[in-house]
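Values quoted throughout were computed directly from the atomic coordinates according to the rules given, and no laboratory measurement underlies them. Note that the structure is predicted; figures quoted are calculated from it, not measured. Heads up, the Cβs are rebuilt from the backbone with ideal geometry, glycines too, and the neighbour counts pull from every protein chain shown.
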Amino acid sequence: MALAFAAETARYGVRITVIEGRRPGPTADKGGLRGIGPRAGTVFRAAVGASAVAFPAHREPALPGAVGTGLASPDSPNRPQEGPAMLTDRQRHEAAELLRSAEHGVTPIAPLTEAFPGIGTEDAYEIQLVNIRHRLAAGAEVRGHKVGLSSPVMQRMMGVDEPDYGHLLHDMRLRPDVPVPGVRYCHPRVEVEVGFVLGDDLPGSACTPADVLAATERVVPALELIDSRIRDWRITIADTIADNASSAGYVIGEGRDPRELDLKAIDARLTSDGELLAEGRSDAVLGDPTVSVAWLARTVARFGVPLKKGHVVLPGSCTRAVDVAAGATFTAEFTGLGSVSLSFI
């Protein structure tokens, strides 16, 4: 069992450090990190090669006037009640400032779990939203969402049983014809994804994969640029959630009508200068990427947040993540869907 788990995690580019004798604060049914191994209380800290984070039912804090921004409205009738808090509001803002400074200064920090040992998943999402609100106040706009922890391997590693989501803002959109300065990021990596561009709003709590197909204008070849403001990717679940699911940017291609493709059987390859770096298939994402998008729609609906026409949804990576190098051009190729590239300087 242990050997099989190690092989699976290696496929997804995960490095695991086992820390004996340390118990996480939240319990597993609250989305906390529970050890997966022979000893109870063992904690796995992972340097994750895929955008692997997760969350259970949680409360997104209100942003005044947030209706239509992609954040929760304070007047939403479906807004869940607040659960027990592990950190104070002041500590959450301190943690958000640490992440914000790390991003702006391109200087990664130690895991938040070291500075704030009691941090839980609810705290982490509150921290994420503090920084999203800060960016919206500066003029950013929500243009979509990403789903992380969409592979069963990564879910088992993190001790959870469902994915998570982060926000895609308009200033995170990258272009294939404009090289990206790698020095803007702490430890950037790229992931290969089948993206969805919505042609209509998705239904909320009852959203199904069929609804996703009906509302999707096109599926697109996509590369997500992930980055961790946590030093050396030494992330726990709470660290990554707070860090906007390690998202940093994305680029998409033209794509096709999803009804023309079998979305469960799209082969994906990532190459750089002719060298094959990673390969996988679209069913690595919860068995079907439409399942991931439907899950996202149902989940954010609990907070009064719709997935709207024109939004981009990145449902999760088909392959392991690959480190970025200056001077490299990465190309993601998808059978029947086309390709997209991203260059770094």
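For G144, the residues whose modelled amide H falls within less than 5 Å of its own, excluding neighbours fewer than 5 places apart on the same chain, are L168, V312.
For the stretch 178-241, the dipole from Cβ point charges (+1 on Lys and Arg, -1 on Asp and Glu) about the Cα centre works out to 420 debye, to the nearest 20.
Applied to the stretch 275-282, the Karplus parametrisation 6.51 cos²θ - 1.76 cosθ + 1.60 on θ = phi - 60° returns per-residue 3J(HN,Hα) values of 8, 6, 9, 7, 8, x, 9, 5 Hz, with x for Gly and Pro. Each part reduced to its alpha carbon centroid, the stretch 124-139 and the stretch 288-345 end up 21 Å apart.
The HN-Hα couplings worked out from phi for the stretch 164-174 by the Karplus form 6.51 cos²θ - 1.76 cosθ + 1.60 (θ = phi - 60°) are 9, 9, x, 9, 10, 9, 4, 7, 8, 6, 10 Hz, whole numbers, x standing for Gly and Pro.
Taking 0.36 nm per residue of separation and subtracting the Cα-Cα distance, full extension of the segment from V178 to R231 would add 16.3 nm. Computed from label points 7 Å out along Cα-Cβ, the spacing between E162 and T335 is 3.3 nm. For the stretch 151-212, the normalised intensity computed at q = 0.12, 0.27 Å⁻¹ comes to -0.55, -1.30 (log10 of I(q)/I(0), Debye sum over alpha carbons, equal scatterers, no solvent).
Counted residue by residue at 0.36 nm each, then reduced by the alpha carbon distance between them, the extension gain from A214 to A325 reaches 36.1 nm. Between E114 and I345, the simple spin-label model (points 7 angstrom out along Cα→Cβ) gives 3.5 nm. Of the peptides 175-183, 92-100, 292-300, 325-333, the ranking by mean beta-carbon count within 10 Å, highest at the top, reads 292-300, 92-100, 325-333, 175-183. Using a simple spin-label model with pseudo-atoms 7 Å out from Cα toward Cβ, D283 and H170 lie 4.0 nm apart.
In terms of surrounding Cβ atoms within a 10 Å radius of their Cβ, I230, I241, I109 rank from fewest to most as I109, I230, I241. Applying the Karplus relation 6.51 cos²θ - 1.76 cosθ + 1.60 with θ = phi - 60° to the stretch 286-298 yields 3J(HN,Hα) values of 6, x, 5, x, 5, 5, 5, 5, 5, 4, 4, 4, 5 Hz, where x marks Gly and Pro. Counting beta carbons within 10 Å around each of Y165, Y185, Y250 and listing the fewest first gives the order Y185, Y250, Y165.
Name the residues of the stretch 321-345 whose amide N is less than 13 Å from a point 7 angstrom out from the Cα of E260 along the C-beta direction? Backbone N within reach: 336-339.
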